[in-house]
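Report on the following structure.
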């Protein structure tokens, strides 16, 4: 489906330009992007294998990648063998010696980069072999490749979007007086699976606000039945073919609270202003400012407690960010969430979230799910 060889050739050019002799990547979106080696589905308790710290691959500009896999990873987590040299480390093998042999073959006298989130144990072994003064972080090298999405990648993101939109359609009728946030969150995750999502792209969140008195699927209040006139915010995502979606809508249980209809209109105006501003060459922070403007002009600026959005692709949060500190110029093909929210303590909360791709005329929305106000009652 994806041209991993072409991706690796582009990485090789980056390595040469950056003066990097080798890049080591542990299981991650970066490794999956370059080779197709899938990440494990995240879990609360860490899965551990003997010699698990060796898991990953070395990339060099002038050679095929070299993979190191513990036997258990190869047996249970590797769907198909990637192209390159594959070394299997058995439980009774001398893992440090095998890793050192591969690392010492890198040669050169320049930089050896690693993914930003490799195990400390891996970094210590690598530094002992090549010298700690040669080590650098290298995730940015792959992130720069991943920022602009190909047509195949956009199609995968659209499939992940289709899964969340089908889920929202199924769950919306459940937002009625007496339902709990946990019941809604469980329904979301059930429907995500039914719609073809491998897993949630992040922890499913269904909530009414951020205060102590609000209902929240991640807090003890998640068990409590909600009353009439409650605005329920959904924030969830799916994963299809390794790519993420991130989606949000607000559904009112019963009649909308006072002031809600006007705030909802402001939120829609903010989302549209951000979308229109997402043009090539515009700094990310300026797009965020354009999204904020309608909310600030409505006197609700203090209640926009978020950013406009973030990059999205194989990770649900990717750089660059549409936020005040990020001055990255946008490029056609970059994908972002467009997710303004207005959270007024003690009154109501509204949020909406879609995915856009940067285009010459502004952001092109990849979602098709309606944005109109929905009130069940």
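Every read-out reported here was derived from the displayed coordinates using simple, explicitly stated rules and does not represent laboratory data. All values derive from a computational prediction rather than experimental measurement. Cβ atoms come from the backbone with ideal geometry, glycine included; neighbour counts cover every protein chain shown.
See the values below:
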{"item": "Theoretical FRET efficiency, 1/(1+(r/R0)^6), r = Cβ-Cβ of residue 101 and residue 344, R0 56 Å, to 0.05", "result": "0.35"}
{"item": "Antiparallel bridge percentage (DSSP; both residues within the chain; nearest 5)", "result": "70 percent"}
{"item": "Value of relative contact order over region 102-149, rounded to a whole percent, pairs C-alpha under 8 Å and six or more apart", "result": "45 percent"}
{"item": "Mean ellipticity per residue at 222 nm, deg cm²/dmol - from DSSP H runs of n ≥ 4 across the chain, formula -39500 (n - 2.57)", "result": "-10500 deg cm²/dmol"}
{"item": "R0 of 51 Å, Cβ-Cβ distance residue 282-residue 93: FRET efficiency to nearest 0.05", "result": "0.45"}
{"item": "Computed over the chain: relative contact order in percent, which uses C-alpha pairs under 8 Å that are six or more apart", "result": "13 percent"}
{"item": "Sequence of 282, 240, 164 once ranked by neighbouring C-beta atoms within 10 Å, starting from the fewest", "result": "282, 240, 164"}
{"item": "Neighbour-count ranking [beta-carbon atoms within 10 angstrom, fewest first] of 364, 149", "result": "364, 149"}
{"item": "Simple spin-label estimate for residue 10 and residue 212 in nanometres, 7 Å along Cα-Cβ", "result": "5.0 nm"}
{"item": "Debye-sum result for region 151-376 in log10 I(q)/I(0), which assumes one identical scatterer on each alpha carbon, at q = 0.12, 0.14 Å⁻¹", "result": "-0.60, -0.83"}
{"item": "Label-point gap, in nm, between residue 46 and residue 155 - each point 7 angstrom along Cα→Cβ", "result": "3.9 nm"}
{"item": "Segment residue 132-residue 199, extension gain: residue separation times 0.36 nm, minus the distance between their alpha carbons", "result": "20.4 nm"}
{"item": "Projected label distance in nm at residue 372 and residue 117, using a 7 Å step from Cα toward the beta-carbon", "result": "4.0 nm"}
{"item": "Average Cα contact separation per residue, region 261-377, under 8 Å, 6 or more apart, as relative contact order %", "result": "29 percent"}
{"item": "Antiparallel DSSP beta bridges within region 4-146, as percent of all bridges there, nearest 5", "result": "35 percent"}
{"item": "Antiparallel content of DSSP bridges confined to region 151-376, in %, to 5", "result": "90 percent"}
